[in-house]
Amino acid sequence: MEYSGRRKFISSIHSVQTGSLVELYPNDLQLYKIPPSSSISLAEFEDLAQERLKILRTIDNINLRGLNKYSVEWKGALTAELKKLGLKSFAKLINGTGCGQTESDLQIRKRDHVSHFILRLAYSGSEELRRWFLSREQDLFRTRFTSLSAEGIQRFMQVNNLKYEPISEAVKAQLRQCLFESSFAMLSMASVDAHEFYRVPYTDVQDLVRSRKVYLCGGFAYVPCTDLISILSTVFRINLAHGMAVTARMLPSLEGDERVFRLLKNLHQSYTGEEYSSLKNSNVGSIQLDQVDLLSLHSFPPCMRKLREHLRSNHHMRHGGRMQFGLFLKGIGLSLEDALQFWRDGFSEKTDAGKFEKNYAYNIRHNYGKEGKRVNYTPYSCLKIIMSSVGPDDAHGCPFRHSDLSHLKQQLLAWNVPVAGINEVAELVSQGHYQLACAKYFQLSHGAQCDEGIIHPNQYFVQSQNVLRAKRGIGEAETGAAVENKNTAAGMDDVWGDDLDLEAIAVDMHEVNAV
């Protein structure tokens, strides 16, 4: 692969001779055996890397919603999210039959091919990154395969020289009863007769063996064509795992181009969602200083609520906490003037006004783009917070990632989370699902699901405000309806009484739902 910019970088990965796009990309689906050989600019290199990362992270987020993998609902949610992110062409690709030959089809296949190999470079550096990349790429492969037509599947098999032959009718007749009883997808004997079966080594379909959905005999599995994806998914995983191992050995050669190496090294920690910049979203000043404490109780995510409580009790906060919390406040709309007053008040018991102005005010103005290079700094994402280094005296970080489990349970109990809910959160934390644990906390504290998952503290705040606003709207609508009914049907007073408080009932119901 070759990258062009002010300097050229030629990788040591073997490239192929450039041919026509039709010859290079005859099918929507690929095993990515051969690296691309085209030249691209550094800007396009970064753009393709971010595009692929968005796709894989979207798959990650869809998986957290609890939908059955590869189901119609799962695939529909993935398609909708990709379109929302402006990746309509890739949404079309994952729903393609595999046989299109238009210029648009060929170009998106090329982007798919190149972006895969760029991310393969970025994710081959460690075992943890390799596992993450391999798992999401396999999910992507499987869902794309389900859209292929019969012609598309046949072409994919031919292009990749996959010679899986179905068993003969004589063998199928001999094993007919066994195939019916052992194959999950066969609902009747007629289904067995209507489907082809493939005889493959059982190690090629371990997922089917594990779930007891396939007939085994003599070290071979007899797989119906409806489960062909299980075979091909294993082939894909083996090829990709081998390719990433080879790539890992070649990574030192990338250090020759510092720009490319730095991009690849930091890619996993980069944030690909909405930036939540108050200046960008024009909501600066929408949150007043006297609202911060109340908002912290109802709409701040645990990481920010913890920082607010730390500042109130300690009257000081180290640099990491000031950056994490200060940019969050900026993102929800706190103005620079109010931010300076907020931190001045918070530090007042230990720091006089002169010392505050000398040691801390510059940094606050700098975060708002009023000092130094005047950069409009954006709030930290969940990923950045989770990956951050936290010392013993630091208050920042993610409570689910950086807190001792017993301390986390005490903190949640102090925030009135029910014991059963605390145990659910603790189970997710013990499995390393920190953002899922945060989403569970959101559900417990709001009585509502956060369908999009939690990927950013400011997204948590926006979702919380939306839920609370909707509940207030319902309460106001119910109250208005009650007044109208009272005016038009005075006799109802005898039934309901004069002291019915619908808003109080709505609050009580919210508390019941939260528990």
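Table for the structure above
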| item | result |
| --- | --- |
| Some residue of the range 323-334 being open to solvent by less than 40 Å² (accessible area, probe 1.4 Å) and outside any helix (DSSP H, G or I) | yes |
| Qualifying residue in the range 353-360 (condition: at pLDDT 90 or above, part of a helix (DSSP H, G or I), under 24 Å from Phe461 (Cβ atoms) and in the same structural domain as Ser313 (by the TED database)) | no |
| Verdict on Phe156 being under 25 Å from Lys92 (Cβ atoms) and either of a type in the set (A, V, I, L, M) or out of contact with any His (no Cβ under 8 Å at 6 or more places or on another chain) (or both) | yes |
| Any chance Leu187 is over 19 Å from Ile94 (Cβ atoms) and outside any helix (DSSP H, G or I) | yes |
| Test: residue in the range 88-97 that is buried (at least 20 other Cβ atoms within 10 Å of the Cβ), β-branched (Val, Ile, Thr) and touching a residue at least 40 places away in the same chain (Cβ under 8 Å) | yes |
| Of all residues in the range 249-275 being more than 25 Å from the chain's Cα centre (by Cα) and of a type in the set (A, V, I, L, M), the one that is surrounded by the most Cβ atoms within 10 Å (Cβ to Cβ) | Leu254 |
| Residue, modelled with the lowest pLDDT, within the range 149-159, restricted to residues that are of a type outside the set (Asp, Glu) and open to solvent by 20 Å² or more (accessible area, probe 1.4 Å) | Ala150 |
| Single residue of Asn68, Asn61 found to be in contact (Cβ under 8 Å) with a residue 40 or more places away in the chain and open to solvent by 10 Å² or more (accessible area, probe 1.4 Å) | Asn61 |
| Residue match in the range 406-414 (condition: open to solvent by less than 30 Å² (accessible area, probe 1.4 Å), under 21 Å from Leu297 (Cα atoms) and not in a helix (DSSP H, G or I)) | no |
| Flag for Ala43 being assigned to a helix (DSSP H, G or I) and either within 13 Å of His113 (Cα to Cα) or aromatic (Phe, Trp, Tyr) (or both) | no |
| Any chance Arg199 is among the charged types (D, E, K, R) and open to solvent by 40 Å² or more (accessible area, probe 1.4 Å) | yes |
| Leading residue by the ranking (nearest to the chain's Cα centre (by Cα)) among those in the range 415-447 that are open to solvent by 20 Å² or more (accessible area, probe 1.4 Å) and under 15 Å from Arg305 (Cα atoms) | Ser445 |
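The values are calculated or read from the model by the stated rules, or taken from the named source; none is laboratory data. Not measured: the values here are computed from a predicted model. Quick reminder, even Gly has a Cβ in these numbers, built from the backbone with ideal geometry, and neighbours come from all protein chains shown. These area figures cover heavy atoms from the full protein model, side chains too; ligands, DNA and RNA do not enter into them. Shrake-Rupley method; radii C 1.70, N 1.55, O 1.52, S 1.80 Å.
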